[in-house]
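The values are calculated or read from the model by the stated rules, or taken from the named source; none is laboratory data. On a predicted model such as this, the values are computed, not experimentally measured, just so you know. Counting neighbours? That spans all protein chains shown, and the Cβs are built from the backbone with ideal geometry, glycine included. In case anyone asks, the SASA skips ligands and DNA or RNA and just uses the protein heavy atoms, side chains included. Shrake-Rupley method; radii C 1.70, N 1.55, O 1.52, S 1.80 Å.
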Amino acid sequence: MIRLENIYKIYQSGEDSIHALDGIDLHIKKGELTAIVGQSGSGKSTAMNIIGCLDVPTSGHYYLLGKDVSQLDEDELAFIRNKTLGFIFQQYNLIPKLSLIENVELPLVYRGIHKEKREEMARAALKRVGLAGREKYYPSQLSGGQQQRVSIARALAGEPSVILADEPTGALDSKTGREVLNFLKELHAEGNTVVLITHDNGIAAECNRIVRLQDGKIVSDEINIGEGNV
C-alpha cells in the first residue's frame, strides 16, 4: 500500500543542511492502523507531507499503491491526493461560508463528479459519521467534535485508499477526542488503511502498529499486541 525507501528530505538554512527525514524505510500494508509518533522536530509532519503527496522527497522512492510518486509534479500529486487519499486535520479546515454538505462535496467537485452523484456521496458520508439531517448546517453551528466529524466525512466521501489523520484529536477535549479516536478505530475495523500522526503516546497506544521518529530517523517500529483494534 505505502512503501518509503531510503527517503531523505533536506532543507537548506543558510550554510546548514537540515535533514528533516534522514534515510527512512517504511512499509504500511493495506488495512493497518499505524501511528507515526514523535515530538516537535522529529520529522513526523514531514513524513506525513511525503505520504500525503503534499511534498516530494529530496531523494529516495515513495511507492503508493505500487506507483512511484517520488518526483511527480504538482498537478500529478494533486490528482493522486484527490483520488487516493483522505485527509483529517487537527483544525478541521472547513470553509465557514459553505454548508456541511458543500464542505464534504468539495473534493468531489475537484474530481469532476456530477452534482447529483456527489451530493449522494456526501449525504452518505455525513450519515456515516452521525450527522444525517444536518446537511444544511454551517460549521459555526457545530461543536468542535462535530466539526471534526464533518472533516472525517469529507475524507471518506471519495472512498480513499488511505486515510491520513494529522493530530485529529489535538484541538478537542479528552471526551470528544476519545469519540473521534473510537470512530477512526471503527473505520480501521471495517478494513480501511489509517495512518495517524501524533505526538501523544496515549493515542499511539490505541493503534495496532507504532512507528517512532526522532531526528528524522525511525527509532522503533513495533506491532502493538495489547491494543484493542484487532
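Of all residues in the stretch 9-38, those that are closer than 17 Å to residue 52 by Cα have Cβ atoms under 8 Å from Cβ atoms of residues that are aromatic (Phe, Trp, Tyr), 6 or more apart or on another chain, in 20/11; 21/8. Output yes when any residue across the stretch 104-114 is of a type in the set (Asp, Glu), touching a Lys or Arg at 6+ places or on another chain (Cβ under 7 Å) and either crowded, with 20+ Cβ neighbours inside 10 Å or under 24 Å from residue 83 (Cβ atoms) (or both), and no when none is. Yes: the stretch 104-114 contains one or more residues that are of a type in the set (Asp, Glu), touching a Lys or Arg at 6+ places or on another chain (Cβ under 7 Å) and either crowded, with 20+ Cβ neighbours inside 10 Å or under 24 Å from residue 83 (Cβ atoms) (or both). The residues on offer are 221, 215, and the sole one that is closer than 13 Å to residue 34 by Cβ, modelled with pLDDT of 90 or more and surrounded by fewer than 21 Cβ atoms within 10 Å (Cβ to Cβ) is 221.
Within the stretch 115-143, if we keep just the residues that are surrounded by fewer than 17 Cβ atoms within 10 Å (Cβ to Cβ) and among the small types (Gly, Ala, Ser), the residue that is farthest from the chain's Cα centre (by Cα) turns out to be 133. Within the stretch 110-169, the residues that satisfy the criterion of being of a type in the set (Lys, Arg), touching a Leu at 6+ places or on another chain (Cβ under 7 Å) and over 17 Å from residue 96 (Cα atoms) are 118, 128. Scanning the stretch 189-200 for residues that are within 18 Å of residue 32 (Cα to Cα) and outside any strand (DSSP E or B) turns up 189, 190, 191, 192. The set of residues from the stretch 53-73 being hydrophobic (A, V, I, L, M, F, W, C) and open to solvent by less than 80 Å² (accessible area, probe 1.4 Å) comprises 53, 54, 56, 64, 69, 72. Scanning the stretch 207-226 for residues that are part of a strand (DSSP E or B) and of a type outside the set (Gly, Ala, Ser) gives 209, 210, 211, 212, 213, 214, 217, 218, 219, 221, 222, 223. Would it be correct to say that residue 149 is basic (Lys, Arg), at pLDDT 90 or above and assigned to a loop (DSSP other than H, G, I, E, B)? The answer is no for residue 149. Scanning the stretch 144-168 for residues that are buried (at least 22 other Cβ atoms within 10 Å of the Cβ) and without any contact (Cβ under 8 Å) to a residue 40 or more places away in the chain returns a single hit, 149.
Scanning the stretch 152-174 for residues that are farther than 20 Å from residue 198 by Cβ, of a type in the set (Gly, Ala, Ser) and part of a loop (DSSP other than H, G, I, E, B) returns 158, 161.
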